[in-house]
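In what follows, a single structure is set out as structure tokens and then discussed.
The values are calculated or read from the model by the stated rules, or taken from the named source; none is laboratory data. Not measured: the values here are computed from a predicted model. Using ideal geometry, Cβ is built from the backbone for each residue, glycine included, and neighbour counts are taken over all protein chains shown.
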Amino acid sequence: MVVSREKTPTAQETFLQMAQAAGLRSRLLITLGLLILVRLGIYIPVPGIDRDAFAAAIQNLPFLGFLDIFTGGGLSTIGIFALGILPYINASIIMQLMTSAVPALEDLQKNEGEMGRRKIAQITRYVALGWAIIQSTGVTVGLLRPYALNDSPWFVVETVLAITAGSMFVMWISEVITERGLGNGASLLIFVNIVAVLPQTLANTIDYAQTGGRQAIAQVTILVLVFLVMIVGIVFVQEGTRRIPIISARRQVGRRLYRERTSYLPLRLNQGGVMPIIFASAVLVLPSSVSGFAENTAFSGVVNQVALALRPGSIWYVVVYSVLILFFSYFYASLVSNPEDIAQNLKKMGTSIPGIRPGKATVAYLEGVLNRLTLLGAIFLTVVATVPTFVERATGVTTFQGFGATSLLILVGVAIDTAKQVQTYVISQRYEGMVKQ
């Protein structure tokens, strides 16, 4: 096979490697097979529910359309995968917050290496199990129990067990995809769930344009143009980096003298990628998830009011969403890039930033650059997530309710990250072929 010597594989080389390289082909088949399995599991029904009455009732629940985006229709179809990957996402948020707050967990993550990360992953699974039980209980009591054919305590127990088991199975599949497939398993599952509801959204939009006359066509056209502009902006920001020049000191190995070499340290404009959006969205659906669990209690009124205030499209939803995106952008950037670790690694390699002294000066300089980059990235994410909501209100097109810029950002971001991982495997296969030659 003839391969290019360019840094970035061509599209032809990528497809040839996917078809011919056994390692990459097996990863691709594993990923596709598991994603199809998850989609099939959504349509395995939870027994004992009057589905016609439930389908008629949920049409007036605005938050359900937003939840269905992340569960791929699991809630509306009442499948055993009704919660999907949401409990695992919520558990990941809790564990990342606890890692920064609890010194023992922080020590596990930073100083215990692979063994420490495995322990944290195991704790995350236990938290996801507990959270899945809470959320499945809330869904069963708040949404499904009024439409049960046989309302008994056993119905609640059986339904909670079924939905919880389905959520844990989806979590296991996401981890298998991450380890043996292509891309991040949790992100890919959300990606597939969003794509699954996209055809129905597009069909509703086309029907609205056909039945609404010229005004509806103009409104839909404006909304589509806004989405296209957002796609271009997302790609631009996701690929944007700040290149900090670094220089390697002269060094002598034996009789050979190595001269100074200049390179650069790439820092991404959007350090967290799509994770701040995913985490913020997961936090926003928590009140709706636990509102049913708090039914008939003194706490239920507060939870229901919060869930109503944070419904997609409301002003409080936009404000809280923006604050959460800003918070998670800084939080995730602090996990991805630690200025102290970067400064220490530069010092160990005998490199430095021109005009900046090694040590505390380098740490302060990197902190300033990362803070500015994170702020710009967070502002962009906030604009992408909120502007289409106002455009939908201005145009009056509600067919995209639930599928907003959040879903668009996740789609584009996950597609870019997965494509980069595929390119990484292609490059590794290329160099393995060069070594064999």
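Scanning segment 152-179 for residues that are at pLDDT below 85 and either in contact with a Gly (Cβ under 9 Å, 6 or more places away or on another chain) or closer than 30 Å to Ile410 by Cα (or both) turns up just one, Phe155. Of everything listed in (1) over 31 Å from the mean Cα position of the chain (by Cα); (2) in a helix (DSSP H, G or I); (3) closer than 30 Å to Val363 by Cα; (4) among the aliphatic types (A, V, I, L, M), the single unmet condition for Val237 is (1). Only a single criterion out of (1) over 16 Å from Val414 (Cα atoms); (2) aliphatic (A, V, I, L, M); (3) modelled with pLDDT of 80 or more is not satisfied by Leu182, namely (1). If I filter segment 351-358 for residues that are within 20 Å of Gln96 (Cβ to Cβ), in contact with a Leu (Cβ under 9 Å, 6 or more places away or on another chain) and either at pLDDT 80 or above or not small (Gly, Ala, Ser) (or both), do I get at least one hit? No - not one qualifying residue is present in segment 351-358. Cβ-Cβ distances below 9 Å connect the following pairs, each with a first residue in segment 407-424 that is more than 18 Å from Leu29 (Cα to Cα), a second residue that is charged (D, E, K, R) and surrounded by fewer than 23 Cβ atoms within 10 Å (Cβ to Cβ), and a separation of six or more residues or different chains: Ile416/Glu239. Within segment 394-411, if we keep just the residues that are β-branched (Val, Ile, Thr) and surrounded by fewer than 21 Cβ atoms within 10 Å (Cβ to Cβ), the residue that is modelled with the highest pLDDT turns out to be Thr395. Of the residues making up segment 65-87, none is surrounded by fewer than 20 Cβ atoms within 10 Å (Cβ to Cβ), part of a helix (DSSP H, G or I) and modelled with pLDDT of 80 or more. Kindly evaluate Gly166 against the criterion of being in a helix (DSSP H, G or I) and touching a strand residue (DSSP E or B) at 6+ places or on another chain (Cβ under 9 Å). Yes; evaluated as a whole, the condition is true for this residue.
Given the criteria at pLDDT 80 or above, of a type in the set (Lys, Arg), surrounded by fewer than 21 Cβ atoms within 10 Å (Cβ to Cβ) and out of contact with any strand residue (DSSP E or B) (no Cβ under 9 Å at 6 or more places or on another chain), does Arg25 qualify? When the stated conditions are applied, Arg25 does not pass them.
Of the residues in segment 196-215, none is in contact with a Pro (Cβ under 9 Å, 6 or more places away or on another chain) and either touching a residue at least 60 places away in the same chain (Cβ under 8 Å) or not basic (Lys, Arg) (or both).
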